[in-house]
1. What nm value, rounded to one decimal, do you get for the distance between C:A229 and C:Q133 when each label is placed 7 Å out toward the C-beta?
2. Can you give the calculated 222 nm mean residue ellipticity of chain B, where each DSSP H run of n ≥ 4 adds -39,500 (n - 2.57) and the sum is split over every residue, rounded to the nearest 500 deg cm²/dmol?
3. Using a Gaussian network model of chain B with C-alpha springs under 10 Å, which one of B:Q25, B:Q127, B:Q103 is most mobile by mean-square fluctuation?
4. How shielded is B:87-96 by partner chains, expressed as the average number of their Cβ atoms within 10 Å of its Cβ atoms?
5. Need one number: nm distance between label points at C:D220 and A:V59, each 7 Å from Cα along Cα→Cβ, rounded to one decimal.
6. Once phi is turned into ³J(HN,Hα) by the Karplus curve 6.51 cos²θ - 1.76 cosθ + 1.60 with θ = phi - 60°, what whole-Hz value does each residue of the stretch B:151-166 show in order, with x for glycine and proline?
7. Would you mind ranking C:L95, C:L175 so that the residue whose beta carbon has the fewest other beta carbons within 10 Å leads the list?
8. Taking a temperature of 4 °C and a viscosity of 1.567 mPa s, what whole-number D in µm²/s does Stokes-Einstein yield for chain B with Rh from Kirkwood over alpha carbon pairs?
Amino acid sequence: MLIQQLKQAIEGLLFVAETPLTEQQLVEHFAPENVSRKQVRQVLEELQQDYQERGVQLVNVASGYRFQTRHELGDIISRLWQEKPARYSQALLETLALIAYRQPITRGDIEEIRGVSVSSSIMKTLQERGWIKVVGHREVPGRPQLYATTAEFLDYFSLRDLSELPAIPEPATKAKQPEQIAQIKLEITAERATNEES
Amino acid sequence: MLIQQLKQAIEGLLFVAETPLTEQQLVEHFAPENVSRKQVRQVLEELQQDYQERGVQLVNVASGYRFQTRHELGDIISRLWQEKPARYSQALLETLALIAYRQPITRGDIEEIRGVSVSSSIMKTLQERGWIKVVGHREVPGRPQLYATTAEFLDYFSLRDLSELPAIPEPATKAKQPEQIAQIKLEITAERATNEES
Amino acid sequence: MGVAQQQSLPLGFVRGEPVIEKPEDLYIPPDALELILETFAGPMDLLLYLIRRQKLDIVELPILPITQQYMEYVEMMKDLKLELAADYLVMAAMLAEIKSRMLLPRAPTDEEDEEDPRAELVRRLQEYEAIRQGAEHLESLPQAERDYFLAQAATEARELVAAPLPEIALHELALALSQALAQAALLNSHQVQREKLSTRERMSRILDLLQQNQRLRFRDLFDPREGKAGVVVSFLAILELVKEALIEVVQVDTFSEIHVTHRDSIYADSTT
């Protein structure tokens, strides 16, 4: 077997095998062709050399030789598997909105307004995201925790302070009045405009 | 982004992606870096050139570009596994050839030419492999299903499109009316269009 | 078709003998007839084989000798595997029909529209031969897992993929509040006082400061840089916090330093 053929074969094998291949495994693979260990080693060295500056490189890891992508390409390649972000639930949005606009506020307050219990996972998510934190306790029986928004929250929404939060239409009546809806729409438009500027 | 970096990145991507990548997909992948289609094309050409004589080669099949091992290495590489590669029966190959060369085609057409009833297990195998699919019905009594080959079929046989199939003699024209042919052509065009969209 | 060929089916070819002419160039032993059968992909394949064996042109289809040879094979098959032979029998019938039509003297009147009875079969044979070629082409094309294998490299990039956090736009937040409040309005009527907002923020900030320091000097809660409005907001926030019993404002002596403490710290020992 010509060294050129052996090189192509080893190259192909290393790109196809599910696991890294050791020098020993390669020598055994080419037993029918009577390939020597020295030849295998020579080919492996040449291949390492050939792929030095390429997008994939031949590396010798604990379990043998394998081709792997260049370290520097990590970020660009990881985009292949980037998922689209999920969406937060309405319950989470309302909880966050209440904390933002009515802080400091207890879970009980939120539950009272929303008419449903606040799930612990929502509070956990908001805390993990760094958007809310406990700033104290209300001095009533049970001493419920008081929640407030954080500086990260302001940063995320590009706000200097809470006074920059958009105005909220008063829920004066049971059902939404037409002009109320119009107002909300206007706010959204305004919001978009500012977003685009930034 | 330097062309050298882009080349490494595309090389890496093609070696790790689960499916072939099209020129379009690559252009979109590098949208944040403002890479042009021309640059992507140039890199793909260079890579094809670079790998010409190597153990793996960059090929352009129906669903895009992918790296695969040289055909000549088939025997040596398949030694990695105990199982011998599957061989297809003459009946399956003839059925597949009929669908590939004479698509769209009904089971009745296949039976007429082969002189035997088409075995359901063959049709099932071909469909399970994703090589053929129903693309419509012929507007005759019974509205028989019309079969055609898929992109997976082309991928499997390392083909970019049907025109790359080695030529065979044209069928002696007898049965097909001109309007029938026109209709079939329209269907094929429509099918291609939807394929490209997805 | 059925009845007409029944009588023209020449039984004489077989002579009812179990010993049949051995197919000359089939490598399969003559007793393994099932295997012979399976070597053919169908009646067209067999027909093509017979034509080729005699190095004859399909177009010149010599219907008499071919029919004879074909029948011999069909007889062998019939004895062994009847269901599989059915397709072969259909072809036999067709051959017999063509043969009988060719043997019949042609009426001189309908000469112009009389097609060669072999024409249709020749067309099918040609098409079948083309498809066999196609099948050979497919067989010879590089096939996955036989001739080529997909090349894959390892990558550490997968570990870099972070599940992206959901995004919220500010207007969604405003909308969410108005929805929550609309809900509240249905339950009872809560007062919304937007002008208090900055006061409430200041309340949060003061509470936050008190989390870090148990005691704060009252005057440290005012930032002169904020101007009069800022001072008023801070003052209102402190009053509100006192009202809500969240903080205590302590002055030991007249004119001495006023301190603000978290109610927490006062009760800390008793509650934990």
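What follows is calculated from the coordinates using simple rules that are stated; it is not laboratory data. The structure displayed is predicted, hence computed values, not measured ones. In this analysis, Cβ positions are derived from the backbone assuming ideal geometry, glycine residues included, and neighbour counts consider all displayed protein chains.
1. So the label points at C:A229 and C:Q133 sit 8.9 nm apart.
2. Numbers: 9 runs with 96 residues, N = 198.
When only DSSP H runs of four or more count, the value is -14500 deg cm²/dmol.
3. B:Q25
4. On the way: counts 3, 5, 2, 10, 6, 3, 9, 11, 3, 5.
Mean number of neighbouring Cβ atoms from other chains: 6.
5. Each label point is offset 7 Å from its Cα along the Cβ direction, giving 5.1 nm.
6. Whole-Hz 3J(HN,Hα) from phi for the stretch B:151-166: 5, 4, 4, 4, 4, 4, 9, 6, 10, 8, 8, 5, 5, 7, 5, x.
7. Details: C:L95 26, C:L175 22.
So the ranking, lowest neighbour count to highest, is C:L175, C:L95.
8. Values: Rh = 19.5 Å.
D = 66 µm²/s.
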